[in-house]
Every structure is written in C-alpha cells, then in structure tokens.
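See below for the structure under consideration.
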Amino acid sequence: MSATRTSSSVERRFVTMPLGRIHVAMAGTGFPVLLLHQTPRSWNEYRDVLPLLGCDFRAIAMDTLGFGDSDRPAGEPSIELWAQGAFALLDALDEPRAAVVGHHTGAAIAVEMAASAPARVSALVLSACPFVDAARRAKHHGMRVIDDVETRTDGSHLTELWARRQPFYPADDTDLLQRFMIDALRAGEMAAEGHRVVNRYRMEDRLGSIQCPTLVIAPTGDPHVHPVAPKVAGAIKGSVLRELSGGMVPLPDQMPEAFAGIVRDFVAAAAKT
C-alpha cells in the first residue's frame with residue numbers, strides 16, 4: 001500500500017446519547033464504515049487502520065459502551081445493548097446506513113446489528129468472529145475467562161494478565177501487548193465481563209437473518225476463532241470466507257495495512273452490487 005493512503009487525519013470527539021457518552025474517532029469522508037473493537041480494547045485497536053480506510057470512506061471507530069472513554073450504562077451489559085449503542089452513534093452522526101466491521105467481540109456486535117436492522121447495514125466484515133451456540137454457552141458457563149485476574153496490592157496481577165495474553169500475540173512485538181494492557185486497565189471489571197457477555201449471546205439465532213454481503217476473516221494464528229470460521233460463514237447465506245495467514249488475536253493493529261486493504265476492497269465491491 002502506498003504512503004499516500006496514510007494521509008487521512010483522525011478526529012476524536014464525544015457524542016452524548018440517552019445510553020451515555022460515546023467516544024469516537026473518525027477519518028475521511030464518504031460512505032461510512034463503522035469499526036467495532038474486541039474486548040477489552042478501544043478505538044485504539046484501529047488507530048493504524050483508521051487513517052488508511054479514511055482515504056476512501058468515512059471511517060468511524062467507536063469505544064463500545066463500558067470500554068475506552070465511553071460511559072458504562074446502567075444495567076447488565078449485552079451484545080444487544082452494545083448494538084443499540086452503535087446504532088445510536090450512527091444516528092447522532094446522521095448516518096442511516098453503514099458498512100460494519102467487527103473484530104472478536106466487535107464481530108458479535110456486528111452480527112446483532114446486521115440481523116436486527118438489515119436495512120441499516122450495507123455490508124458486514126466479521127473478523128475473528130466467535131461461533132456462539134448452545135454448546136459454547138454450556139462449555140464456558142462458569143469458566144474463568146482469559147482476562148479474569150484478581151487485583152493484588154503488589155501489582156503481580158499485571159504480570160499475570162500479560163502472561164495470560166502473551167501466547168496469542170507476536171513474540172517479538174511488546175508494543176501490541178502494551179496497547180492491550182492500557183485498554184484492559186481502563187476497562188476495569190469489564191475486561192473480564194466483556195467475554196462473558198459474548199458467551200451469553202444467542203448468535204446461532206441471528207446468523208441466518210443476515211442479508212447483506214458478508215466477509216468472514218479467519219486469522220490463521222488465532223486459535224480461538226480460526227477453527228470455527230467455517231461454521232460462522234456457513235450459517236450466513238452467500239458469505240465469503242477468507243483466511244489471513246499469520247494473523248493473530250490483535251489482527252487489526254498487528255497487520256493494519258493488510259486488514260484495511262481487505263476491508264476496503266470488500267466494502268467497495270459490495271457497494272457496486
């Protein structure tokens with residue numbers, strides 16, 4: 001990708017809505033592409049992707065409610081609630097329709113958006129999407145999730161959290177883990193709860209309702225989702241499955257140019273159909 005594609009500047013702001021304030025980062029103009037992050041990240045997961053997509057679209061990376069700088073609304077968090085927050089943001093930005101891109105937890109939110117309001121989602125990119133069905137819910141019920149560490153006064157829980165995440169990140173790139181740690185600390189208890197929210201979602205009831213062009217990205221180095229990517233794609237009529245060699249859990253900020261290129265090409269092609 002040429003250097004000229006990285007020139008789009010990023011604007012950050014807060015949008016106040018009934019569910020609470022949402023922090024958003026945006027780049028570029030044109031058709032909107034909404035970017036939804038994984039647990040417990042923030043818009044920062046897309047900080048290198050955003051200006052690349054901003055050369056062709058109005059790229060919008062939000063902090064999901066309860067993460068980053070966005071407020072945590074009252075009540076129990078859910079994929080449905082987070083999807084409502086995303087639609088409320090699009091409404092506040094005067095965007096009645098958008099392409100939606102989600103990674104891990106963000107992919108689950110994107111599924112709910114496309115299934116619940118098909119007229120509002122023009123194209124869908126599900127990156128490292130989990131496959132949540134009754135079997136997964138039963139398997140994970142009561143199980144300790146990856147980011148669940150007990151806070152200790154000596155700070156050793158930070159080392160534990162780093163060690164629990166390290167196998168799923170490139171061995172020679174501590175910057176990516178530092179980005180993760182910053183977001184995880186800011187998320188507080190939501191760092192663990194976000195995973196439980198995904199594991200409660202009845203995704204199998206929603207995948208078949210998706211009507212828009214859909215791309216399923218399967219990072220080959222992500223053991224959590226790569227094996228189930230064919231199930232996700234197979235449940236969505238007409239979807240396209242694409243493996244991304246070497247991609248790991250932090251795919252968008254691990255391989256921003258490859259990620260942005262795949263998203264750009266798919267959304268552009270979907271717009272022509």
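General remarks:
- Checked against the criterion of being in contact with a His (Cβ under 6 Å, 6 or more places away or on another chain), farther than 25 Å from Val33 by Cβ and either modelled with pLDDT of 95 or more or surrounded by fewer than 14 Cβ atoms within 10 Å (Cβ to Cβ) (or both), the candidates Thr159, Thr151 yield just one match: Thr151.
- Qualifying helices (runs of 4 or more DSSP H) (wholly inside segment 172-248; at least 3 residues being free of Cβ contacts under 8 Å to residues at least 60 places away in the same chain and either over 20 Å from Trp82 (Cα atoms) or open to solvent by less than 60 Å² (accessible area, probe 1.4 Å) (or both)): 174-187, 229-234
- Ala268 being hydrophobic (A, V, I, L, M, F, W, C) and surrounded by fewer than 17 Cβ atoms within 10 Å (Cβ to Cβ): yes
- Look at (1) buried (at least 24 other Cβ atoms within 10 Å of the Cβ); (2) part of a helix (DSSP H, G or I); (3) more than 12 Å from the chain's Cα centre (by Cα) and you find that Leu81 fails only one, number (1).
- Asp94 open to solvent by 40 Å² or more (accessible area, probe 1.4 Å) and not in a helix (DSSP H, G or I): yes
- Residue in segment 122-142 that is more than 12 Å from the chain's Cα centre (by Cα), open to solvent by 60 Å² or more (accessible area, probe 1.4 Å) and of a type in the set (S, T, N, Q) present: no
- Residues located in segment 10-56, provided they are among the aromatic types (Phe, Trp, Tyr), open to solvent by 10 Å² or more (accessible area, probe 1.4 Å) and touching a helix residue (DSSP H, G or I) at 6+ places or on another chain (Cβ under 9 Å): Phe31, Trp43
- Of the strands (runs of 3 or more DSSP E) lying entirely inside segment 6-72, those carrying at least 2 residues that are small (Gly, Ala, Ser) and more than 15 Å from the chain's Cα centre (by Cα) are 20-27.
The values are calculated or read from the model by the stated rules, or taken from the named source; none is laboratory data. Just so you know, these numbers come straight off a predicted model, no measurement behind them. So basically every Cβ, Gly included, is an ideal-geometry build from the backbone, and we count neighbours across all protein chains shown. We work out accessible area using only protein heavy atoms, side chains counted, and drop any ligands, DNA or RNA first. Shrake-Rupley method; radii C 1.70, N 1.55, O 1.52, S 1.80 Å.
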